[in-house]
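Below is one structure, written out as structure tokens, with a few remarks after it.
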Amino acid sequence: QVQLVESGGGLVQAGGSLRLSCAASRSIFSIDYMAWYRQAPGKQRELVARIRRSETTNYADSVKGRFTISRDNAKNTVYLQMDSLKPEDTAVYYCNAFYSLNDYWGQGTQVTVSS
């Protein structure tokens with residue numbers, strides 16, 4: 001079992017930055033990969049960024065060069081640094097962990113980018 005708690009969402013103007021945090025209830029070093037997804041109103045949930053245990057990362061094309069995913073194994077926390085935010089980044093952002101063949105999700109945190 002893995003519990004995930006996100007924080008760091010909020011309201012920001014276009015061009016601004018936010019950093020999301022996802023604290024896990026177990027050592028993230030043991031988790032196969034962790035990721036951030038987002039879901040905007042009326043749209044499907046989509047992958048934003050993923051980081052594997054090997055530290056390999058991948059990003060959605062829409063956020064490449066603007067978002068950075070990172071992990072702090074000592075704090076069991078994964079971060080999503082979001083820069084140059086755009087109104088179309090507005091969504092609920094969810095932390096995800098894939099561990100022992102199961103997907104685990106946080107409760108989500110709202111990010112709103114005003115134009």
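Amide H of Ser25 versus every other amide H placed in the peptide plane: which residues, excluding those fewer than 5 positions away on the same chain, fall under 5 Å?
Gln3
Across the range 93-98, in residue order, what do the Karplus-derived ³J(HN,Hα) couplings come to in whole Hz, using 6.51 cos²θ - 1.76 cosθ + 1.60 with θ = phi - 60° and x for Gly and Pro?
Coupling constants for the range 93-98: 9, 10, 8, 9, 10, 10 Hz.
Could you pull out every one of the aspartates and glutamates with an alpha carbon less than 20 Å from that of Lys86, ignoring same-chain neighbours closer than 8 positions?
Glu46, Asp61
Long-range amide H contacts for Phe67: which residues qualify at under 5 Å (H placed 1.01 Å from N, peptide plane, sequence gap of 5 or more or a different chain)?
Asp83
First select every other residue whose beta carbon is under 11 angstrom from the beta carbon of Ala24; then total the charges, Lys and Arg +1, Asp and Glu -1.
With Lys, Arg at +1 and Asp, Glu at -1, the neighbours total +1.
Once the other residues with Cβ under 12 Å from the Cβ of Val113 are scored (Lys, Arg +1; Asp, Glu -1), what is the net sum?
Net local charge, Val113 excluded: 0.
Counting other Cβ atoms within 10 Å, which GluC sites (Glu not before Pro) in the range 2-69 have at most 13 and lie in a DSSP loop?
Glu55
Work through the residues other than Gly15 whose Cβ is under 14 Å from its Cβ and net out their charges, Lys, Arg +1 and Asp, Glu -1.
Every neighbour counted, the sum reads -1.
Values in this text are rule-based calculations from the coordinates and carry no lab data. Predicted, not measured: the structure shown is a model, and the values here were computed from it. Here the Cβ is made from the backbone with ideal geometry for all residues, glycine too, and neighbour counts use every protein chain on show.
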